[in-house]
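All of the numbers you see were taken from the coordinates with simple rules; none came from a lab. Quick caveat, the model's predicted, so the values are computed rather than measured. Glycine also receives a Cβ, built like all others from the backbone with ideal geometry; neighbour counts cover every protein chain displayed.
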Amino acid sequence: MGELIYTLCILTSLACTWLLFSSYRRTRYRLLFWSGSCFAVMTLNNLFLLLDKVVYPTVDFMPLRLGSALLACLLLLVGLIYEKE
């Protein structure tokens, strides 16, 4: 059951990434770019979670998961701070 949930989380993050970047290409509103970048890294984070819990349970992916979560939050924070509109 966990595999299904982790896979659905990856697909949801990937769909959000695709929608945000396609909206950015249409409107050129930069906050969409930062949000899309955040969700792209969140997709990677969910992939690390799947690898950690299901595919390679003996390998510790926690540093990669924490690093990617930090990067995703930083990308969104930078976008929120530096975009003035």
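Of the listed values (1) 3, 16, 27, 24, 21, 8, 1; (2) 3, 15, 28, 26, 17, 8, 2, 0; (3) 3, 17, 21, 21, 16, 10, 7, 4, 1, 0, grab the one calculated as P(r) over Cα pairs in 5 Å bins from 0, in percent from the structure here.
Computing P(r) over Cα pairs in 5 Å bins from 0, in percent and matching it to (1) 3, 16, 27, 24, 21, 8, 1; (2) 3, 15, 28, 26, 17, 8, 2, 0; (3) 3, 17, 21, 21, 16, 10, 7, 4, 1, 0 gives (3).
Which net charge results when you count Lys and Arg as +1 and Asp and Glu as -1 among the other residues whose beta-carbon is under 14 Å from that of Phe61?
Cβ neighbours under 14 Å give a net charge of 0.
For the range 22-34, take each phi angle, set θ = phi - 60°, evaluate the Karplus expression 6.51 cos²θ - 1.76 cosθ + 1.60, and give the result in whole Hz per residue in order, putting x for glycine and proline.
5, 5, 5, 4, 6, 9, 6, 7, 5, 5, 5, 5, 5
Could you grab the relative contact order for the chain? Cα pairs under 8 Å, six or more apart, rounded to a whole percent.
33
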